[in-house]
Each structure stands twice: as C-alpha cells, then as structure tokens.
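A.B. asks: Got a structure for you, questions after.
The values are calculated or read from the model by the stated rules, or taken from the named source; none is laboratory data. What you see is a predicted model, and the numbers here were worked out from it, not measured in a lab. Glycine gets a Cβ as well: all are built from the backbone with ideal geometry, and neighbour counts include every protein chain shown. Just so you know, the surface numbers come from the protein's heavy atoms only, side chains and all, with ligands and any DNA or RNA stripped out. Shrake-Rupley method; radii C 1.70, N 1.55, O 1.52, S 1.80 Å.
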Amino acid sequence: MRYFPSAARQRATAACAGLVALAALVMPLAHADDESDLEKQKDAVKGQISEATSDLHEASKAVAQAVTRVEQAEAKLATARRTLADVRTRLVAAQERDATLQGELEAAELELTQATDALAAGTAAVEAQRAQARRTLVSNYTQGDARLRAIGSFLESGSLQEYSSRRLGEQVITNAQANTFADLKEVEAQLATEQERVETATAAVEVKRAEAADHLEEVQGLFAEASAAEKSVAGLVVEARAARKQAWLARSADRKTLQALKKRERRINDRLLELARSQRNQKGFTGRSDGYLSYPASGPVTSPYGYRTHPIYGYYSLHNGTDFGTGCGAPLRASAGGTVIDTYYDSVYGNRVFLSIGKVNGQSLVLIYNHLERDVVSEGQQLERGTVLGYSGTTGWSTGCHLHFTVMENGVAVDPMKYL
C-alpha cells in the first residue's frame, strides 16, 4: 500500500507543475469543441440521477454482510413470531370449539340416554299390554263367542230383568276387551316412536363423537405446531443475537479503520493543499466551470454528493463524491488532461488514482477515482482528456462495481456535478 509522498516525492511532483500549467492552457480548446456533446450527455445523465436506497458501500464487506445477516435473522424472527401468534390464535379458537363440541356431545348422549330409557319403558308397557291381550284372547276361546253367550243368557234368564243384568255385564266385559286391544295398539305405536328417537339419538351421538375425534386431532396438531413455532422463535432469537453481536464486532473494526482513514485523509488533504500552493502562480483555466469536466465513466449516477444519515452507522456525514453505476470492468477515463500524482490501494476506498488537472477558476483541482478493479497508469504520467486510466471494480468498502468519483478543490471535496 502506498500513500502520498512527503519529502522527496513532493519535489518531483512540484517539477511537473509547469507541464500541468501548459496542458491547462490548451484544455479550453478541446472543451469548446466538445461542449454541445457534453451538454447533451450531462442532461441525459442528470435525468437518471436518483437517491441511493442505501450506501452499504460506505461500510466494509464484513459489516455489510453482518448487517444483511441481522436483517435476514430479524425478518425470519418476525415471520416466526407472526406464525406463532397465528397458531396460538387458531389454538384458542380450536379450544373454544372443542368446548362447544364437548357440550354438544354431552347433550346428544343425554338425549340418547333419555330415549333409551323411554324405549325400555315403552317395551315394558307393550309387553304388559300384550300379556293382557293374550289373557283376553284366552278368555274368548274358553268362554265362547260373546254373541252366543248373550243368547245363552237370554235362555237361561228367569226374567227380563235378570237378562238385562247379564247383558250389561257382558257388554262391560266386551268393552274392556276392546279397550285392551286399543291400548295395545297405542303402546305399540309409542314404542315405534321411541325406537325412531333412539335411532336418531344414536346417529347424532356417532356424528358428534366423530366430529369431536377429528377436532381433537386438529387440536393436537395445533399444539404440535405451536410447540414447533415456539422452538423456532427461540432458535431465531439466539440467531438474531449472534448476528447482532457479529455486526457489532464488525462495526467496531470499521470504526478503527475509519479512524485510521481520517488520519490518512488529513495527510492527503495536507498534501493537496501543498500542491495548491505550488500552483499558486499558474494561470490555469478561467471561465464557465459547468461542463468543464468530461464524464469519468458511462452509466447513471447512483448516489450523489451530499450529506446524509449513514444507513448502517446512523451518523450524519458527507458522501464526498458522486457514484456512477458502471458495471464491473467498465473503462474509467480522465475527465480532463492532467498528471497522475499517486495510485495506491486503501482498505476503504480500494484501488485509487489521483489526477491533478491544474487550476480551474483559481482552484487547484484534483480528481480521485476510487474502488478500481485495477489501474493502468503510474505516478507522474501525463494523461489527455478521455485517456483510460483504469477499470471499474468493487475493491475496498464496496458491495458492487461502481466508480466513486471525487473532485477536490484545494484539498476540499466539492460536488463533482458542478464541473460535469
């Protein structure tokens, strides 16, 4: 890993200042020739600018992966808790239904008991009535036909009054016999009704028992499902805690890296300020800055320059450049002619190229290309506008191939779009 030179390399860089100034004098001509095309390109790309939904590339891959694991674990945990709540709700409803079915079964069994008792009573009544009928039939056979007995009574009677008395007795006996058979028919009809009642009650009990058995199986299944859901929630709670711990450890490592980065960036800024002082007497370019720089890469702007709340760390900080969604391996070009003043690898920004383009409207401009897959230039090399200086990648703190393009004015990051 190489950083900006301090003493010896500073003198070598200063020696290139005259060449940078000379190149700056001829840049406006090329700029004027390309102005209309640049305006069209600028308008087209501005129409694609959108706020990035997240800036995970502003954290290390370890943190990005840890945060993803936390989000996945918490999403699974939330789903498992919803599942458990749903199972418990269904279980409560099932238990209430179970109590209802139990009451209905008890009512059906009570009805069957009552019907069975009534049937037994009816059977006994029929048997008693049938015994009475049998006795009546036996009496008829042994005592003869009632009409013949009436004639016999007439012949045997000593007087009409005696005959009338006998006849009344015979009628009473005959009526009693008729009532016996009528009662038998009635109790037999009642017995048939009770038999139907018993059959209906028996069928109802069987239905309720089957329904209760099926529902019991459902309740048992819900208990098993609830138990499994509770175990799942418990396991996911442990998983989420472990993921959060890993994320915390990764973030702690990132904080240390960021602290080291701040020190490095301060040294870099000091170096750029020194470069600006060395260019103090250069004339440079004076004129309209909008459109002065060519676009460093093809592809839409995926995250603009500006302050925002970091999606992972939560602090309010500056996104000090413009991100271009280039795709992996896309060529990156010099936005203006200038001198490569350094190339090195940084654990946060990945492979970097620093291109000094001299003074523009009195400001010493340095362009920084970050996250390169690789560069194809070397320190001190003079580049013309449009020269390929490297290829887009996802090195450093990056979760996808893109170019993080920074414009420095006298060592201070500014919005690149003011020059594009």
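A.B. asks: Which residue pairs have Cβ atoms closer than 7 Å, lie 6 or more positions apart in sequence or on different chains, and pair a first residue in segment 192-210 that is within 16 Å of Gly122 (Cα to Cα) and part of a helix (DSSP H, G or I) with a second residue that is modelled with pLDDT of 80 or more and of a type in the set (Ser, Thr, Tyr)?
C.D. replies: Val198/Thr116
A.B. asks: Taking only pairs six or more apart or across chains, which ones have beta-carbon atoms under 6 Å, a first residue in segment 69-87 that is outside any helix (DSSP H, G or I), and a second residue that is open to solvent by 100 Å² or more (accessible area, probe 1.4 Å) and of a type in the set (S, T, N, Q)?
C.D. replies: Once the first residue is outside any helix (DSSP H, G or I) and sits in segment 69-87, no partner that is open to solvent by 100 Å² or more (accessible area, probe 1.4 Å) and of a type in the set (S, T, N, Q) comes close enough.
A.B. asks: Which ones in segment 276-308 are over 18 Å from Thr406 (Cβ atoms) and in contact with a strand residue (DSSP E or B) (Cβ under 6 Å, 6 or more places away or on another chain)?
C.D. replies: Hits for segment 276-308 are Gln279, Gln282, Gly284, Phe285.
A.B. asks: OK, next. When you look at Leu355, is it at pLDDT 95 or above, closer than 19 Å to Gly291 by Cβ and open to solvent by less than 10 Å² (accessible area, probe 1.4 Å), yes or no?
C.D. replies: Yes.
A.B. asks: Would you check if there is a residue in segment 131-138 being in a helix (DSSP H, G or I), farther than 30 Å from Gly221 by Cα, open to solvent by less than 80 Å² (accessible area, probe 1.4 Å) and touching a Leu at 6+ places or on another chain (Cβ under 7 Å)?
C.D. replies: Scanning segment 131-138, I find at least one residue that is in a helix (DSSP H, G or I), farther than 30 Å from Gly221 by Cα, open to solvent by less than 80 Å² (accessible area, probe 1.4 Å) and touching a Leu at 6+ places or on another chain (Cβ under 7 Å), so the answer is yes.
A.B. asks: Let me ask something else. Only one of Thr326, Thr322 is modelled with pLDDT of 90 or more, farther than 19 Å from Leu258 by Cα and open to solvent by less than 20 Å² (accessible area, probe 1.4 Å). Can you tell me which?
C.D. replies: Details: Thr326 fails: open to solvent by less than 20 Å² (accessible area, probe 1.4 Å).
So the residue among Thr326, Thr322 that is modelled with pLDDT of 90 or more, farther than 19 Å from Leu258 by Cα and open to solvent by less than 20 Å² (accessible area, probe 1.4 Å) is Thr322.
A.B. asks: Strands (runs of 3 or more DSSP E) wholly in segment 297-375 with at least 3 residues that are without any contact (Cβ under 8 Å) to a residue 60 or more places away in the chain - which ones?
C.D. replies: On the way: elements: 301-303, 306-309, 316-319, 322-324, 331-333, 338-346, 350-360, 363-375.
In segment 297-375, 350-360, 363-375 are the strands (runs of 3 or more DSSP E) which contain 3 or more residues that are without any contact (Cβ under 8 Å) to a residue 60 or more places away in the chain.
A.B. asks: Would you confirm whether any residue within segment 260-269 is in a helix (DSSP H, G or I), of a type in the set (Val, Ile, Thr) and closer than 27 Å to Gly411 by Cα? Spell out the reasoning first.
C.D. replies: Quick first cut of segment 260-269, residues in a helix (DSSP H, G or I) only: 260-269.
When the remaining residues are screened for being of a type in the set (Val, Ile, Thr), the result is 268.
Going one step further and asking which of them are closer than 27 Å to Gly411 by Cα, we end up with 268.
Looking for residues that are in a helix (DSSP H, G or I), of a type in the set (Val, Ile, Thr) and closer than 27 Å to Gly411 by Cα, one finds at least one in segment 260-269, hence yes.
A.B. asks: Check whether at least one residue in segment 276-295 is open to solvent by 20 Å² or more (accessible area, probe 1.4 Å) and either under 32 Å from the mean Cα position of the chain (by Cα) or of a type in the set (Val, Ile, Thr) (or both), and report yes or no.
C.D. replies: yes
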